[in-house]
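The values are calculated or read from the model by the stated rules, or taken from the named source; none is laboratory data. Bear in mind that the values here come from a model prediction, so they are computed numbers and not experimental data. Every residue, glycine among them, receives a Cβ derived from its backbone with ideal geometry; neighbour counts consider all protein chains shown.
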Amino acid sequence: MHKLPFLLIFLTVIVSYGAINLYIGKRSWQILFRHVQRLNKQAYWLIFFVFSFAYIAARLGEQILPVVLTRILSILGAFWLGVLFYLFPIIVIFDTIGLLGAVFRIWPRRNTSRPWPGLIIFLSVLGIVIYGVWNAQHPQVTHYDLEVEKQAGAISSLHVVMVSDIHLGTINHDGYLRKLVELINQQKPDVVLFTGDIIDEEINSFVEKEISSEFPDLKAEYGVYAVLGNHEYIGGNADLTTETLEAAGVIVLNDCWICIEDSFYLIGREDISGTNIGNQRRKDLNSLMNGINKNRPLIVLDHQPSQLDESQAEGIDIQLSGHTHQGQLFPVQFVTRKIFKNDYGFKRTGNLQVIVSSGYGTWGPPMRVGNKPEIVDITITFDKGSEF
């Protein structure tokens, strides 16, 4: 019984995706590509079909297709999703304006005998895509100064580097992780914290190899810690990801806590999706904090910033989250702002201070438009009063 709704949703998505691509393919031929010399209609549709369904083919055929072919199809498909995201609405707007103009006799019905309207559209989309790809490859370091009115033993301040949403996989790999490790080490942090979606669903052989070879190079006095995100569960690789990370020197806090130097606590929460996808029921924060001395600074790592009221009620001082990508592709950030109380940046509610990162990597299209990839550099100053 459970398979029928899933099948209906899957078929609806496939049919809708196919219809959108058919519309884009037809209109693209009419307004631009039919004017390209030596490009016949059959060759055009063959090329268009390969790009349109490359991502689906890669996902459905990853168990049977050669690895190299799967990677090529994944990359082609990911770029096409980015093109489609902007090309579809622009062509719809173009056609709507043309139709309204003809209906109200403002101008004659659209004329496709000249290629310049289509050329303008496609150059605009190409410009957006090129910028988005470039932007996604140039992360920034975002700095915050926080104060916690609690004593942390002998530690008066703490330098934290937080990284979220790396999405290691077919697209984000090779020198990508090495660049991240170097950027983190340049900040000379006391502690490094990863807040989920380290991998992009599939922890295949080259991702495992990179984690085992690159993560041990991270340098932090108090260690490197992580929680899982929804993508580790979507791929069914939560346990393997945990094992791989811990073998590389990263302590994974799956619904547990650790006290550092008898000074402050790191509390790691299972991602909410663990309950729905991985059958890993997430503990409520009150139960999770059993045995914790709440007079010490409390820092929660939670991939999704969706239960901030619970953190505030339990006296958490700082929560670090990611997941939202700050929309990744404009104008999706207007949607994430509606879904989350804090979809990006710093927000304080009472004594709870929350930082949500836009993330370091990308999901789907390897592009960012309207936001920047980042690592988050945080200096936390604690109360310097006498010990309680």
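Observations on the model:
- Test: Thr70 is surrounded by 19 or more Cβ atoms within 10 Å (Cβ to Cβ) and in a helix (DSSP H, G or I): yes
- The condition of being within 30 Å of Arg178 (Cα to Cα) and surrounded by 15 or more Cβ atoms within 10 Å (Cβ to Cβ) holds for only one of Arg368, Arg296, Arg282, Arg337, that being Arg368.
- Residues of the range 246-275 that turn out to be surrounded by 22 or more Cβ atoms within 10 Å (Cβ to Cβ), modelled with pLDDT under 95 and not hydroxyl-bearing (Ser, Thr, Tyr), as a count: 3
- Of the candidates Ile299, Ile292, the single residue that is of a type in the set (A, V, I, L, M) and assigned to a loop (DSSP other than H, G, I, E, B) is Ile292.
- Evaluation of Phe346 against the conditions (1) of a type outside the set (Val, Ile, Thr); (2) touching a strand residue (DSSP E or B) at 6+ places or on another chain (Cβ under 7 Å); (3) surrounded by 20 or more Cβ atoms within 10 Å (Cβ to Cβ) shows that the sole unmet condition is (3).
- Scan of the range 21-47 for residues that are under 16 Å from Ile121 (Cβ atoms) and hydrophobic (A, V, I, L, M, F, W, C), ordered by number: Ile24, Trp29, Ile31, Leu32, Phe33, Val36
One line per residue, one yes/no per condition, for (1) closer than 18 Å to Glu182 by Cα; (2) assigned to a helix (DSSP H, G or I); (3) not assigned by TED's automatic domain parsing to the domain that holds Glu270:
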{"site": "Glu208", "(1), (2), (3)": "no, yes, no"}
{"site": "Ser213", "(1), (2), (3)": "yes, yes, no"}
{"site": "Glu221", "(1), (2), (3)": "yes, no, no"}
{"site": "Leu240", "(1), (2), (3)": "no, yes, no"}
{"site": "Glu243", "(1), (2), (3)": "no, yes, no"}
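- Unmet criterion (only one of (1) surrounded by 22 or more Cβ atoms within 10 Å (Cβ to Cβ); (2) part of a loop (DSSP other than H, G, I, E, B); (3) among the hydrophobic types (A, V, I, L, M, F, W, C)) for Ile184: (2)
- When restricted to residues that are at negative phi and touching a helix residue (DSSP H, G or I) at 6+ places or on another chain (Cβ under 9 Å), the range 240-267 contains 14.
- Residue count for the range 323-381 satisfying the condition of being of a type in the set (S, T, N, Q), assigned to a strand (DSSP E or B) and over 25 Å from Leu146 (Cβ atoms): 0.
- Number of positions in the range 197-236 that are more than 17 Å from the chain's Cα centre (by Cα), of a type in the set (Phe, Trp, Tyr) and surrounded by 16 or more Cβ atoms within 10 Å (Cβ to Cβ): 3
- Every pair of residues 6+ apart whose Cβ atoms lie under 7 Å, when the first sits in the range 350-368 and is at positive phi and at pLDDT 95 or above while the second is polar (S, T, N, Q) and buried (at least 24 other Cβ atoms within 10 Å of the Cβ): Gly359/Ser164
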